[in-house]
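Structure record follows, encoded as structure tokens.
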Amino acid sequence: MSLLEQRIIAMDLWHLALPVTARRDHGIGSVEGAIEVVLLRLTAEGGAVGWGEAAPWVVFTGSPEATLHALHRHIRPHVVGRKLKDRAAIMADAAHAVAHATEAKAALETALLDVTGHAVGLPVHALLGGKCRDEIALSCSIANPDWAADRQLLQRLHADGVRIVKLKTGFKGHAFDLMRLEEIRRDWPQVAIRVDYNQGLQPHEAIARLPEVAAFKPDFIEQPVAAANLTTMARLRARIDVPLLADESVFGPEDLMRAIEAGACDGISVKIMKAGGLMRAQSVARMAGAAGLSAYGGDMFEAGIAHLAGAHMIAATPEIDLGCEFYQARYYLTEDILTAPFPCDAGRVQVPDGPGLGGAPDMERLTRYTVVRL
Ligand SMILES: [Mg+2]
């Protein structure tokens, strides 16, 4: 019997609350105390196990409760009893079973790829077309309303070899943003800066503020205005001399089509949690490449399993050429869930080559941080 004839015999779910080290503010939405993720485990009849993680953010993609029940109630009937070889059919059924719930679908596809990788002895990147890179430059976000605390984080990042930071802006006034840009440029001149407003500006504010921010020559300015406001994005893009990126405006390929038609951006943030899976994220990146747009690999508030999934996806996607943001496991969570630390060295994520994702959660920590188990 082919290894891919094996059926999936169990699907287990954990809703976790994982403590974080600091408060983070954004143009829309703050994070404090803990992040909430949903973990999914699939077991195949030969004994192979696969993990997936959904990392919803309530102000961006959805809630952990909706994610948990999308998987438990609406997606589970399309998974248990199916064969490993039917991955694309399972994903198509999940897409039709419940609208949106993109994080749930990302977790499902991650777990399907992980269990398949373990069953056949291949890394996830090999199942996604093969690898085009062994490591990915890491960007860490700066979003603490306490600037003194973020200066300490910047020192630590610099000592660790991280050379890209993303400054979260638009939550505490324009003067606060300009002051932080000035200090980073002055005190860490080797560090590349990216700026992300997370939809935090009204169009008239963006018209006034963006040229002053662009004067600091960041790599790009991301999502200054509301996700749906593609027309304003296009107008802003014409007024500044640094690239304008779309994040909240582009979830899947369908959104990217609209953004390209509107001329809304020079590049995009590709996230498996927005796209609804690793392969749809690859589709988004390939469309961006065909349209002449750049792309980086973003994330939500994630733990190590989602970081690993993103790393494998980017490793197999040459169009994502501006690095990644898989920093939470190392720089934001009080404690990650992986048994071995998320692989990162000298400011670069190392792409695992072992079977599946190349990492799994520690069961004791899973139990400790569980809110709901289904
Ligand atoms: Mg963003």
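Nothing in this text is a laboratory measurement; each read-out follows from the coordinates by a stated rule. Note that the coordinates shown come from a computational prediction; the quantities given were computed from them, not determined experimentally. With ideal geometry, Cβ positions are generated from the backbone for all residues, glycine too; neighbour counts draw on all protein chains shown.
Overview of results
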| quantity | calculated |
| --- | --- |
| Between helix 102-120 and the chain: long-axis angle, C-alpha atoms, 0 to 90°, nearest 10 | 50 degrees |
| Spin-label pair A346/W147, simplified geometry with 7 Å Cα→Cβ offset, distance in nm | 3.3 nm |
| Relative intensity, log₁₀ I(q)/I(0), of segment 229-374 from a Debye sum that treats every alpha carbon as a point, q = 0.20 Å⁻¹ | -1.14 |
| Added length on full extension, which subtracts the Cα-Cα distance from 0.36 nm per residue, A10 to A159 | 49.2 nm |
| Potential lengthening between L3 and E335 on full extension [0.36 nm per residue; Cα-Cα distance subtracted] | 116.0 nm |
| Gain on full stretching of the segment that runs from A89 to S30 - 0.36 nm per residue minus C-alpha separation | 17.5 nm |
| Residue with peak Gaussian network fluctuation, the chain [Cα springs, cutoff 10 Å], from L256, L178, L71 | L178 |
| Sites R73 and R23 - FRET efficiency at Förster radius 30 Å, r taken between beta-carbons, to 0.05 | 0.35 |
| Segment 127-350: equivalent-ellipsoid semi-axes (sqrt of 5 x gyration tensor eigenvalues, Cα, Å) | 25, 24, 14 |
| For the chain, built as a Gaussian network whose Cα springs stay under 10 Å, the top-fluctuating residue of C344, C140, C265 | C344 |
| C-alpha long axis of helix 147-159 to longest principal axis of the chain, angle in ° | 60 degrees |
| Between helix 87-97 and the chain: long-axis angle, C-alpha atoms, 0 to 90°, nearest 10 | 70 degrees |
| Nonlocal amide H pairs with E222, under 5 Å, H built at 1.01 Å | V195, D196, Y197, L245 |
| Choice from G298, G130, G356 with maximal GNM fluctuation in the chain (Cα, 10 Å cutoff) | G130 |
| Table column - 3J(HN,Hα) (Hz), segment 350-356, Karplus curve with 6.51, -1.76, 1.60, x for Gly and Pro | 9, 7, x, 10, x, x, x |
| Cα-Cα P(r), the chain, percent of pairs per 20 Å interval | 31, 59, 11, 0 |
| FRET efficiency for R185 and D353, using Cβ-Cβ distance with R0 set to 45 Å, rounded to 0.05 | 0.75 |
| Spacing of the two label points (7 Å from each Cα toward its C-beta) at H204 and A290, in nm | 4.1 nm |
| Residues S249, S30 arranged by fewest to most Cβ contacts within 10 Å | S30, S249 |
| Estimated distance in nm for a label pair at V59 and A238, the labels positioned 7 Å out from Cα along Cα-to-Cβ | 3.0 nm |
| In segment 127-350, lysine pairs closer than 20 Å at Cα, eight or more apart or cross-chain | 7 |
